[in-house]
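Report on the structure given below.
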Amino acid sequence: MGLNEYRRTRQSARSPESRTRQPRRRRGGKSGPQFVIQHHAARSDHYDLRLEIDGVLVSWAIPKGPSTSPRDRRMARRTEDHPLEYATIEGTIPDGAYGGGDVIVWDRGTYANKTDHAMTKCLGRGHLSFHLHGKKLHGGYALTRVREGEDETWLLFKRQDGGAGAEGNPVPSRPE
Ligand code: MN
């Protein structure tokens with residue numbers, strides 16, 4: 001997808017996105033590509049999951065947010081790739097600007113690819129399997145593409161493992 005769509009839709013002077021700083025190096029954390037989940041209180045409230053793949057943040061908007069229950073399937077709409085610096089973005093994107101609304105970093109950490117193929121190849125094939133090392137989310141997750149084209153849609157689900165929880169929805173109880 002590249003960053004062209006991202007750049008086309010942003011007027012950098014209007015938005016906190018122009019005040020990016022380099023992501024800080026983690027101390028004592030697991031190494032690996034980073035992931036971030038940002039709560040985005042836009043016109044329709046959602047959570048943006050972003051995975052670092054080949055130098056960009058490949059992104060999905062998840063209306064209900066991630067679940068910790070393996071029984072749940074969460075709809076995840078693919079959105080434009082974002083620059084890596086976006087992983088630390090918090091603040092208010094002004095009304096009228098693209099994606100206007102409050103953004104907070106809801107969870108952040110690293111992930112490990114659980115397949116034998118490069119993440120880009122998995123993206124093309126429409127199936128990702130990865131292990132999150134976050135502050136709120138831990139363990140295996142999978143993303144499967146269910147619709148291609150303009151409304152590219154995937155389903156996010158939790159694998160059955162130690163990081164799984166029966167309560168399913170960490171979002172309302174841990175919105176901070
Ligand atoms: Mn968003």
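Things worth noting here:
- Each Lys or Arg adds one and each Asp or Glu subtracts one; over the other residues with Cβ under 12 Å from the Cβ of Arg74, this totals +4.
- Comparing Ala166, Ala42, Ala87 in a Gaussian network model of the chain where C-alpha atoms under 10 Å apart are linked, the largest mean-square fluctuation is found at Ala166.
- GNM flexibility winner over the chain from Thr88, Thr120, Thr153 (Cα, springs under 10 Å): Thr120
- Near the amide H of Lys114, within less than 5 Å, lie the amide hydrogens of Ser129, Phe130, His131, all on another chain or at least 5 residues away, with H placed in the peptide plane.
- Among Ile89, Ile37, Ile62: highest mean-square fluctuation, GNM of the chain, C-alpha pairs under 10 Å: Ile89
- Phi angles across the range 159-165 convert, under the Karplus curve 6.51 cos²θ - 1.76 cosθ + 1.60 with θ = phi - 60°, into 3J(HN,Hα) values of 6, 7, 7, x, x, 7, x Hz, Gly and Pro given as x.
- Inter-label distance, Glu150 to Glu167: 4.1 nm, where each label sits 7 Å from its Cα along the C-beta direction.
- Estimated purely from DSSP H runs of n ≥ 4, each contributing -39500 (n - 2.57), the mean residue ellipticity at 222 nm for the chain is -2000 deg cm²/dmol once divided by its residues.
- Cβ-based exposure ranking for Ser129, Ser44, in which fewest neighbours within 10 Å come first: Ser44, Ser129
- J(HN,Hα) series, the range 98-105, from Karplus relation 6.51 cos²θ - 1.76 cosθ + 1.60, nearest Hz, glycine and proline x: 4, x, x, x, 7, 10, 10, 7
- Rounded to whole numbers, the Karplus 3J(HN,Hα) couplings from phi for the range 65-75 are x, x, 10, 9, 9, x, 6, 8, 10, 10, 5 Hz, using 6.51 cos²θ - 1.76 cosθ + 1.60 with θ = phi - 60°, and x at Gly and Pro.
Read the figures in this text as sums done on the coordinates, not as results from a lab. Predicted model only: the values in this text are computed from it and were never measured. Using ideal geometry, Cβ is built from the backbone for each residue, glycine included, and neighbour counts are taken over all protein chains shown.
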